[in-house]
Amino acid sequence: MRRSNRSVWYLALLVALLGAAVYAQLARERSALLQPVTSLDTAAVRRIDIVCAAVCRSRRFERSPAGWQMLEPYQKPASAAAIARLLAVARAPARVRLNLRDYDLSKLGLAPPLLTLRLDDTVIELGDEDPIEHDRYIRVGSELLRVPDRFSARLLEAPEGELAEPPAAKE
């Protein structure tokens, strides 16, 4: 084999090895992606209930043919952006999945929960914030999760901010 042919073969082998390494790295990163809080199909959700212990006002929404409607505390059309933010909680990435039996739920703010988000029949209970990582403790059924807290402020906001049109100011 001539020297130039041998060099071409070495370069081809090197390119193939680099391609395999890139593929392996991409596969590893895909497997390491954070899993969402629930596997719920948010496009199929028909009802949203937010029950607050004492830190906010409870709200109830329902999907109708005309779009999302707030049923409680107002009976008005809901903001599509606000509904999208509420539904995004179900798909939030869970950073850590913890063993429920190893923790005192009252110390995590989950007995009773600070806030309960019900999406149809799926119940997501929100507790306190982790003091070090600033993640939110969440319980979904028998699972205890720590989730990066990018949504609790939206869940605690006033109902008026979730309406398609804010209520008229009283004079």
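Please treat every number below as a calculation from the coordinates, not as lab data. The shown structure was predicted, so the numbers you read here are calculated from the model rather than taken from an experiment. So basically every Cβ, Gly included, is an ideal-geometry build from the backbone, and we count neighbours across all protein chains shown.
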Legend entry - Subset of the stretch 122-142 [closer than 17 Å to Ala90 by Cβ and among the hydrophobic types (A, V, I, L, M, F, W, C)]: Val123, Ile124, Leu126, Ile138, Val140
Legend entry - Candidate set from the stretch 107-150 (those that are small (Gly, Ala, Ser) and without any contact (Cβ under 8 Å) to a residue 40 or more places away in the chain); member that is nearest to Arg47 (Cα to Cα): Gly141
Inset, instruction - List the number of the failed condition for Arg85; all other conditions in (1) in a strand (DSSP E or B); (2) touching a residue at least 40 places away in the same chain (Cβ under 8 Å); (3) in contact with a Lys or Arg (Cβ under 7 Å, 6 or more places away or on another chain); (4) not acidic (Asp, Glu) hold. - result: (1)
Inset, instruction - For the stretch 11-49, enumerate the residues that are within 30 Å of Met70 (Cβ to Cβ) and among the hydroxyl-bearing types (Ser, Thr, Tyr). - result: Thr38, Ser39, Thr42
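Condition check ((1) under 28 Å from Leu163 (Cα atoms); (2) of a type in the set (A, V, I, L, M, F, W, C)) across all residues:
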residue	(1), (2)
Ala82	yes, yes
Leu114	yes, yes
Ile124	yes, yes
Glu129	yes, no
His134	no, no
Inset, instruction - Among residues belonging to the stretch 52-70 that are touching a strand residue (DSSP E or B) at 6+ places or on another chain (Cβ under 6 Å) and crowded, with 16+ Cβ neighbours inside 10 Å, point out the one that is nearest to Leu115 (Cα to Cα). - result: Cys52
Legend entry - Leading residue by the ranking (surrounded by the most Cβ atoms within 10 Å (Cβ to Cβ)) among those in the stretch 91-106 that are free of Cβ contacts under 8 Å to residues at least 12 places away in the same chain and part of a helix (DSSP H, G or I): Ser106
